[in-house]
């Protein structure tokens, strides 16, 4: 069945790549340790990025349909010196990284950037893919963020994301203010 040029599944629905990527964020929060649940997230139709203290040092999910792959990894897209220092630090930790992330590649990349990444086979976006992507990016965050924070040069800008207010407390305040009226 087709609708506006798109193949529909048996239920008449096709998930778009952007929607699949948006579904990853809450799933990642569930899968990372509690001290890593507050992160920045940016999602476009073609990729998603997660980072903590410096956007130039981010985890990325990048579906690349033309290359039949989905890239998952930690990208160093800061200045050339910072990228080189972090690449060297992660290369020095390669054994530990490969124990945690067997398919991870540590390498220089485009424009003086570097990355620790792995390719996944490209497939159509659905709930199963969102779950798989969340699991892989959570594994990268859990394994690599402690190394990044330990090896981060002291002259690199870093600002932790603010904690989200607890919904339970807000609901309790709301009930208390209503009962005081």
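Does any residue in the stretch 2-29 that is outside any helix (DSSP H, G or I) come within less than 8 Å, Cβ to Cβ, of a residue that is surrounded by 10 or more Cβ atoms within 10 Å (Cβ to Cβ) and modelled with pLDDT under 55 six or more places away or on a different chain, and which pairs are these? Close Cβ pairs satisfying both conditions: 2/8; 12/3; 14/3; 14/6; 14/8. If the condition is being closer than 22 Å to residue 160 by Cβ and more than 15 Å from the chain's Cα centre (by Cα), then the stretch 45-84 contributes 78, 79, 82, 83. Scanning the stretch 54-78 for residues that are at pLDDT below 95 and farther than 24 Å from residue 123 by Cβ gives no hits.
Every condition in (1) under 26 Å from residue 159 (Cβ atoms); (2) in contact with a helix residue (DSSP H, G or I) (Cβ under 7 Å, 6 or more places away or on another chain) holds for residue 55 except the one numbered (2). Candidates are the residues of the stretch 37-48 that are in contact with a helix residue (DSSP H, G or I) (Cβ under 6 Å, 6 or more places away or on another chain) and surrounded by fewer than 18 Cβ atoms within 10 Å (Cβ to Cβ); the one that is nearest to residue 147 (Cα to Cα) is 37.
The values are calculated or read from the model by the stated rules, or taken from the named source; none is laboratory data. Please read these numbers as outputs of a predicted model, since none were measured by experiment. Counting neighbours? That spans all protein chains shown, and the Cβs are built from the backbone with ideal geometry, glycine included.
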